[in-house]
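Reviewing the structure listed below.
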Amino acid sequence: MTNPESLTRPRGRMKWVALLAAALLLFYAASPYYVLWRFGEALRAHDLDAISARVDFDAVRGSLKQQVRDHFLGVLAKKKKKNRLAEFLVSSEKSPLDQLIDAYVTPEGLAAIISDPAPIKNASSISSLPSLDASPKSIDWSKARHAFFTSPRDFAVDHEGIKLRFRFTGLGWKLHALDLQLDPEGTTSVSSQE
């Protein structure tokens, strides 16, 4: 005969394991929202250490350079211009465009882009890209329309026509790309974005 207590022990353990797994899943699902809030607070307070802990600057820089370069090459192609500027944008390792993007990938620059992406999105040439001012920008997070998982390790927030893309690195969530949703043809405007 089997002891009734020995049958209830595995069931009780399975219940606890299932509860623990559900709690971990809930914690994981809520964690990017918390990180987004902390990221906003760090930008607002200009807390460089907290921002550095939440941003993969190299990945963000690379993503912005590629988007802006593709956008301007599209503008040049649309104007039917195959000129030295296009060759320069493609071949130069340290072009003025790259240096300008490097200036934007700072805590102040990220705050400026997130709070108002229109100046970059509507730029039609390198000279029309705005310069940064030193005043800290306030970000209105109430304008974030969607926040969602794009994969188990990736989370995106749609804010003012751009997407902030966070990635889980094993040590937490980090901003790894700002998707400006620029049209490679060079016809993007803020009003045409969803």
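The numbers here are math on the coordinates, done by the rules we state, and not lab data. Worth saying up front: this structure is predicted, and the values here are computed from it rather than measured. When we count neighbours, we look across all protein chains shown, and the Cβ atoms used for this are built from the backbone with ideal geometry, even at glycine.
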Inset, instruction - Using a cut-off of 13 Å between beta-carbons, work out the net charge of the residues near Ala21 (Lys and Arg +1, Asp and Glu -1, Ala21 not included). - result: +2
Inset, instruction - For an R0 of 45 angstrom, estimate the FRET efficiency from the Cβ-Cβ distance between Arg145 and Arg11 and round to the nearest 0.05. - result: 0.50
Inset, instruction - Would you mind calculating the gained length between Leu25 and Ala118 on full extension (0.36 nm times residue separation, minus the Cα-Cα distance), in nm to one decimal? - result: 29.8 nm
